[in-house]
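Novice: Here you go, one structure.
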Amino acid sequence: MPNGTLCAKAVVDMIRAEENGVAIAEEHERLVKEEFLPRSYLITEDRINKARALPTVQVQELEGHVGNHLVRALHQNQEK
């Protein structure tokens, strides 16, 4: 649960930075540099493309997949 709270704080920091005219990329770098947010949490084109390649939550549920098990299996298959 601390992870969720800290992520929410990072989102608030990004909103405030944007309201103050700070470029979002600059705020991302600050959050990563000051260790408020892991770089892997930032949304990138690569992450978006990987997410779009996954089955929808509805399909996963219908197929009985739980949590990250499907994600790991799909990534392992993509690496082969």
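Novice: If I filter segment 59-74 for residues that are modelled with pLDDT of 90 or more, over 18 Å from the mean Cα position of the chain (by Cα) and either among the hydroxyl-bearing types (Ser, Thr, Tyr) or not in a helix (DSSP H, G or I) (or both), do I get at least one hit? Don't jump to the end; show me each part of the working.
Specialist: Filtering segment 59-74 for residues modelled with pLDDT of 90 or more gives none.
No; the residues of segment 59-74 include none that is modelled with pLDDT of 90 or more, over 18 Å from the mean Cα position of the chain (by Cα) and either among the hydroxyl-bearing types (Ser, Thr, Tyr) or not in a helix (DSSP H, G or I) (or both).
Novice: Here is a follow-up. Failed condition for Ala51, given (1) modelled with pLDDT under 95; (2) assigned to a loop (DSSP other than H, G, I, E, B); (3) of a type in the set (A, V, I, L, M), with all others met?
Specialist: (2)
Novice: Consider segment 31-45. How many of its residues are touching a residue at least 12 places away in the same chain (Cβ under 8 Å), outside any loop (DSSP other than H, G, I, E, B) and of a type outside the set (Ser, Thr, Tyr)? So that I can check it myself, show each step before the final result.
Specialist: Taking segment 31-45 and keeping what is touching a residue at least 12 places away in the same chain (Cβ under 8 Å), we get 31, 36-37, 41-42.
Narrowing further to those that are outside any loop (DSSP other than H, G, I, E, B): 31, 41.
Subset that is of a type outside the set (Ser, Thr, Tyr): 31.
Qualifying residue count, segment 31-45: 1.
The values are calculated or read from the model by the stated rules, or taken from the named source; none is laboratory data. Everything numeric here is computed off the predicted structure, so don't read it as measured data. Heads up, the Cβs are rebuilt from the backbone with ideal geometry, glycines too, and the neighbour counts pull from every protein chain shown.
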